[in-house]
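Below is one structure, written out as structure tokens; the observations come after it.
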Amino acid sequence: GLLSTLAKAIRDKFSFIISPALSNFGAWLEQLIAESTGKEDKGIVPIHDEPLGEIVSYSDDRFFVYIRYTDGVDLNQDDKVEALKGAGYPVIQIDVADLINLGQEFFRWEIATATAGSLMGINAFDQPNVQESKDYTRSYLEEFEKNRQLPAESPVVTEGDIRIFVDEVNRQVFEGASTLEQIISAHLNRIQSGDYVAINAYVERTPSVHNSFQTIRTMIREAKCVATTLGYGPRLLHSTGQLHKGGKNSGVFIQVTSDAAQDFAITGEPYSFGVLAAAQALGDMKSLNSRNRRVIRIHLGADVEGGLNRVQAAIEGSLVAQKS
């Protein structure tokens, strides 16, 4: 009941702080809450693995859950949580005495999520927009079967191997923008109070790539005081993807794609794994566009790390310019 009460009171960004030994539980919890509550223009936005910040980094749309393993306490987490409590933020603290008690947490959060869905007046057990994205992906694959290529796209900006794509509705926002910095600055200017920024990464998750995305989301959080999420495709389609399309129109999306570093054939299919992954990203973006979401796609080309470094510099420059 508390989850739905806080969400209705505009505190709909649910941030996990989880002891290191239990940290992977956050990814499961993120999927449970996003997929179950994100529909009918409602939803609780779960924030997983966002680096901890100072009090000034958070706005009043947040509440926090601290899942604390008592035999593996992170003192920095303890200090941050005490600061949050002192600043008046709602904090739910759950002490886990033994690793075997993790099973209890699975049960607790399943019941809590189902209860929250009932009180929010939604069906917590369906996922209509997940299927919608699949249908768009299927249509792209059917087009590939006919033409041996995915539909041609026209980027709004090209810089080296980096290309930025938007749909026709979003394109109007970027009229006159001709550089990577200008596009990113215009996109970040769309962020309003109460929004969240979602990075949807259809690239291989490596330590270096993940660190870059974590740096990017932290920069955005610090500059805009909004919650940030980071998901990797295609997993995100079945986790936060339902919330992105079915929840409130409060997300500002940055989809990141790249060329397939190594491609493999799929037995019995006319398309490869690389084509399938590209079609899933396109289907995701089309579904977001059909819901009038604020979204851009940044295609990095073959050099993912180099492209991300360039994007990170452009975002940092844009945020500094906006602040000044």
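Rank by packing, highest mean first: peptides 271-277, 252-258, 87-93, with packing defined as the count of other Cβ atoms within 10 Å averaged across residues. Walk me through the intermediate numbers first.
Details: 271-277: 17.4, 252-258: 23.4, 87-93: 13.7.
For the peptides 271-277, 252-258, 87-93, the packing ranking is 252-258, 271-277, 87-93.
So if I place +1 on the C-beta of Lys and Arg and -1 on the C-beta of Asp and Glu, and nothing else carries charge, what would the dipole magnitude of the chain be about its Cα centre? I want it in debye, nearest 20. Display every interim value, and only then the final one.
Values: 31 positive and 42 negative charges, 165 e Å.
For the chain, the charge dipole is close to 800 debye.
Take the solvent-accessible surface of the protein heavy atoms, probe 1.4 Å, and return the percent of it on the chain that carbon and sulfur atoms account for. If you can, show how the numbers build up before the last one.
Details: 7330 of 14510 Å².
Carbon with sulfur: 51 percent of the solvent-accessible area.
Quick check for you: with a 1.4 Å probe and neighbouring chains kept, what is the accessible area per residue of segment 204-249, in Å²?
Details: 1570 Å² over 46 residues.
Ligands and nucleic acids excluded, the result is 34 Å² per residue.
Testing the spin-label approximation: label points 7 Å from Cα along Cα→Cβ at residue 21 and residue 55. State their distance in nm.
In this crude label model, residue 21 to residue 55 measures out at 3.1 nm.
Want the number for residue 290 to residue 214: 0.36 nm per residue separation, take away the alpha-carbon distance, what's left?
24.5 nm
Given all pairs of different Cα atoms, what value in angstroms does the Kirkwood hydrodynamic radius of the chain take? Don't jump to the answer; show the numbers that get you there.
On the way: mean 1/r = 0.0487 Å⁻¹.
Roughly 20.5 Å, rounded to one decimal.
Using alpha carbons only, how many degrees (0 to 90, rounded to 10) separate the axis of helix 75-86 from the longest principal axis of the chain?
Value to nearest ten degrees: 80.
For segment 1-101, what is the accessible area per residue in Å², given a 1.4 Å probe and the full set of protein chains?
So segment 1-101 comes to 42 Å² accessible per residue, rounded to a whole number.
Per-residue ellipticity at 222 nm for the chain, helices alone: DSSP H runs ≥ 4 residues times -39500 (n - 2.57), over residue total, nearest 500 deg cm²/dmol?
Values: 11 runs with 146 residues, N = 324.
Helices in the chain give a 222 nm mean residue ellipticity of -14500 deg cm²/dmol.
With r defined as the distance between the Cβ atoms of residue 142 and residue 93 and R0 fixed at 51 Å, what FRET efficiency is calculated, to the nearest 0.05?
Working: r = 50 Å, r/R0 = 0.99.
So the FRET efficiency works out to roughly 0.50.
Assuming 0.36 nm per residue, please report the length gained on full extension of the stretch residue 115 to residue 71 beyond their Cα-Cα distance. Could you put the intermediate results ahead of the total?
Working: separation 44, 0.36 × 44 = 15.84 nm, distance 3.04 nm.
Working it through step by step, the gained length comes to 12.8 nm.
May I ask you to list the lysines whose Cα is less than 28 Å away from that of residue 146, ignoring any residue fewer than eight positions away on the same chain?
The qualifying lysines are 134, 286.
Tally Lys/Arg at +1 and Asp/Glu at -1 over every other residue whose Cβ is under 12 Å from the Cβ of residue 75; what's the total? Write out the running numbers ahead of the final one.
Working: positive: 68, 80; negative: 74, 78, 79, 82.
Residues close to residue 75 contribute a combined charge of -2.
The values are calculated or read from the model by the stated rules, or taken from the named source; none is laboratory data. Just so you know, these numbers come straight off a predicted model, no measurement behind them. With ideal geometry, Cβ positions are generated from the backbone for all residues, glycine too; neighbour counts draw on all protein chains shown. Remember, those area values only see protein heavy atoms, side chains included, never the ligands or the DNA or RNA. Shrake-Rupley method; radii C 1.70, N 1.55, O 1.52, S 1.80 Å.
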